[in-house]
Every structure is written in C-alpha cells, then in structure tokens.
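**Student:** Right, I'll just put the structure down here and ask away after.
Values quoted throughout were computed directly from the atomic coordinates according to the rules given, and no laboratory measurement underlies them. Given the structure is predicted, the values throughout are model-derived calculations rather than measurements. Cβ placement follows ideal geometry from the backbone for every residue including glycine, while neighbour counts extend to all protein chains displayed.
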Amino acid sequence: MTATICMALSAIGIVIAVLTASRGRTRAALRWLAVALVPTGLYLTGLITVFHTIGSTLVHWATHLVFDPKVWVGVAMLAATVLILLGTGVRFGRGKRRGKEQGQVPAGGGKPSAPPGRPAGAALPAKSNPTADLGDFSDVEEILKRRGI
C-alpha cells in the first residue's frame, strides 16, 4: 500500500513537471521533478517506515503523558523540587559571595562600637549626632553607612 501511494505521488509530480516544462518554464519544471522523486526515494530507502515508527512512538508517549496519573505525579514531584530549591535560596549559575559582601566583618578589622575615651553606651550630643531624632532607625542607618549606601 505504501509503495503504491509513493509511486502515485511521484507520478503526479512528474506529470506536473512535464506540463510546466511544456509552458516554457524550465526551472520550475526541474523543481517539480526534484519534488516528485522524494516520495519514491523515501520508500526505497526505508525511511517511510522509520518516520512511521517515530510518529507512532511520539503519539504513544503523548497519550500516556495526558492520560497516565503516574506521569502527572512525576511532573508534580519535579515542580515541587524546583519550588523547594528556589524557596530555600538556591540560585543556579551564581558563585558564592564571601567576606564583606555577606555581611561578615573580619575579626580585627571591624569598626569600633564607640569612639575612644567614651563608654559604649554613651550617646553623642544632639548637635553632633544627626541621627539622634531617628530613634529605632539609627542602627539601620549605621548598617547602611557601613556598607557605603
């Protein structure tokens, strides 16, 4: 059956090529002749059966993808894996940051908490401390200044 269909398609293509050549359009006739040889060439090389096998395998896979609950459980598990990895902060394609970029200050290189000669809990006078009116936000401003922001 496949051989008959391929030969018929080639015959139709050859007829169209001959009719095109009779009108004086040689290049178009040669193109039709080249296209006409494809079905018979595919049949004789056995590629028709290869394409049929590939097509039926893809259809079988696609129907199992849609109608098989086991496949959907697998898809849900893969989606949950991606969500968990993204939710826990795993970022793909980025190197690890070290040192000051992560907020770690070296042991001896940190900023002193209070100026020398003044106890750690003593506040600066209102005139020299522009952040005295900020209240709870002074520690945030200090962190931003330390990072250069």
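**Student:** Could you tell me how many of the residues in the range 1-28 are assigned to a helix (DSSP H, G or I) and either under 30 Å from residue 52 (Cα atoms) or touching a strand residue (DSSP E or B) at 6+ places or on another chain (Cβ under 8 Å) (or both)?
**Tutor:** Result for the range 1-28: 16.
**Student:** A follow-up question, please. Take the range 10-66 and flag every residue that is loosely packed, with under 11 Cβ neighbours inside 10 Å and of a type in the set (Lys, Arg).
**Tutor:** Correct list: 23, 27.
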